[in-house]
1. Going by Cα centres, segment A:366-411 and segment B:109-177 are how many Å apart?
2. Return the long-range amide H neighbours of A:Asn84 (sequence gap of 5 or more, or a different chain), with a cut-off of under 5 Å between placed amide H atoms.
3. Leaving out ligands, DNA and RNA but keeping every protein chain, what accessible area does A:Asp264 have, in Å² rounded to the nearest 10, with a 1.4 Å probe?
4. Over the heavy atoms of A:Phe215, what accessible area does a 1.4 Å probe trace out, to the nearest 10 Å²?
5. Calculate the mean, over all residues of peptide A:234-241, of how many other protein chain Cβ atoms lie within 10 angstrom of the residue's Cβ.
6. To the nearest 0.05, what FRET efficiency results for A:His410 and B:Glu135 with a Förster distance of 51 Å applied to their C-beta separation?
7. Keeping all protein chains in the complex and leaving out DNA, RNA and ligands, what accessible area do you get for A:Asp233 with a 1.4 Å probe, in Å² to the nearest 10?
8. Assuming R0 = 25 Å, what is the FRET efficiency of B:Ala119 and B:Ser181, from their Cβ-Cβ distance, to the nearest 0.05?
Amino acid sequence: MFLNRYKTFKRLSLVTALFLSFFAHFYASAEDAKAAIGDPAKGKELFDNNCASCHNVHKVMVGPALKGILERRKIEWIIPWVKNPAKVIASGDPYAKKLAADFQSAGVMTGFGALKDDDIKNIMAYVKEEETKTPDNGGGGGTTPKVEVKQDTTFVNWVLGGFIVVLLAMLVALLSVMSILRKYIAQNAASLAEEDKYILEDKTDWKTITSSTGFRFTVAFLVIGLIGKTTLDSLVSIGMQQGYAPEQPIPFSHKLHAGKYKIDCNYCHTGVRIGKHANIPSSNICMNCHSQIKKDSPKLEKVRTAYKTGKPIEWVRVHNLPDLAYFNHSQHVKVAGLECQKCHGPVQEMEVIQQYAPLTMGWCINCHRETVVKAEGNKYYDNLLKLHNQVSSDPMKVKDIGGLECSKCHY
Amino acid sequence: MKIVKYTLLSISFIGLVSCTKSVEDPGTEYAPAMYHSRAYEPLTQVTEEGNDYYNSNPNNPYKMNMRALPKNTIKISHFNANYYKNPEADLFFYKISKDSTGASVIATNPIPKSEAVIAEGKELYGRYCQHCHGETGKGDGEVGKVFGGVPNYAGAAKDRSESSIFYTITYGRNRMGAHGSQINVLDRWKIVHYVQTLQNQ
């Protein structure tokens, strides 16, 4: 038994030795290949993987632009720096200390202890090669993206207004042409054929028309109808807050965060899959990004104060069901798999958040009548589904499992 | 007489119409006491004394009606030895603190690796990390490009251990902020599984 083990080990060590010599050879030959500073192709890969998140050759990002670094610093300085910048700064090196002070807000550069000297030389070779190229201005880090805040409703309003003006002008033109024509015909009345004479006598008798019952009835009907409709509309919409979009204490834009930067709703509304409320993010969540992004913006002053002192930001609540109704997010979002947009509309396009749905009982009930329960893969529904399929050939909808029961929502 | 009648009518009409809401005003509510609760309720608070719907707690900082848990509270769902069969790993979370550095306390992932767990981790990663770290973990997410300094998992952060990744999610590291308040312990470990697949891609 032990003999067997010994043999395996011996074989193993032989193989290892073979590998070792092979690698050593490979290493040595690789060494002479790049006698000068290094191999820019390898350096590019290393740079992209390790440094590109903070450095660009031509422009300042998190760290300084690396253009001209080999003229500024010797490679003997760069290697220990990249491996452990904190140590170089602590050693009292004046250049490093000044650099650290200049980039204080970025924090100290991460150390790359795992990189070999040659790796760093390769990176520098790449930087050197890149220096000679013209900087590409497209995209890349530090640039501040421009945010569009154009409102297209004004455009629509202009078009509509233009239409109305054109139509009015046409009407006036037509009427004046008519009256000119009639005048002309009257001047040449003699030459008019007998059957066309009526044109001259064609006078509207406004008095008879206005005093007729039919006319009075129509007008009264229209006026009362209009008043009635407005009154009813406004009565119905009491307690309905669709379209409510109050100004918030911080001009927070969902269009920017959820739309342009594609931050997931769940990142901020952390309760949405675990509880009744979706929750409004606390200041520490904003600070995950705004510790670096726009960190001096006056618009974010309240966020910074809240983060420092714990004083909450007083957002204005938009959606608010009365206490008599119960609504649970996780049930709809996690269990039923509904998109937020189904109830909240295109939030990712909203500069200011607004209540999109009416949130009336009728709105809830309609959806419960139409929506098929997502039952597959959810054991809770297995028996319900079986029973439902015995009595009906329709797919199981929310109404079939008590979604219209008053006590589901009111208790 | 007639004039009085008509004025009254039109006044009441205007009165009724003016109940409608506008962009800045939620409008009249049928039963306001049903919308503004005097009992404590999440996400609403009236702090001015004398208001009919005053529902603040003067004993809490800023009169908030919620409070942070006392220090060192252990949430029961975080300690569920039967599920993991590994209480050591269960309590790992409580052994690390903001001051320990990532790898200084070692723990193994209490959730066994499987296709399903990695798929779940991927979904969670998409929600909480992707906008910075990018879909494939290269640090090229939409926000990551503006934020700067997001490492490539397969590059600079390749050999981070699982407990170090867990620590990074929980307490943050250098420029990255803490995400412990957003993601529960189990989900964090699932994300760790997925990040490890990105490290080794």
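The values are calculated or read from the model by the stated rules, or taken from the named source; none is laboratory data. What you see is a predicted model; the values in this text were computed from it and never measured. Cβ sites come from the backbone with ideal geometry, for glycine too, and all protein chains shown count toward neighbours. Note: accessible area is taken over every heavy atom of the protein model, side chains too, but ligands, DNA and RNA are not part of it. Shrake-Rupley method; radii C 1.70, N 1.55, O 1.52, S 1.80 Å.
1. 39 Å
2. Placed amide hydrogens put A:Phe112 under 5 Å from A:Asn84.
3. So the heavy atoms of A:Asp264 present about 50 Å² to solvent.
4. Its heavy atoms expose roughly 90 Å² to the probe.
5. Counting other chains' Cβ atoms within 10 Å and averaging over A:234-241 gives 6.
6. Numbers: r = 44 Å, r/R0 = 0.87.
After rounding, the FRET efficiency stands at 0.70.
7. Accessible area of A:Asp233: about 80 Å².
8. That pair, B:Ala119 with B:Ser181, gives E of 0.50.
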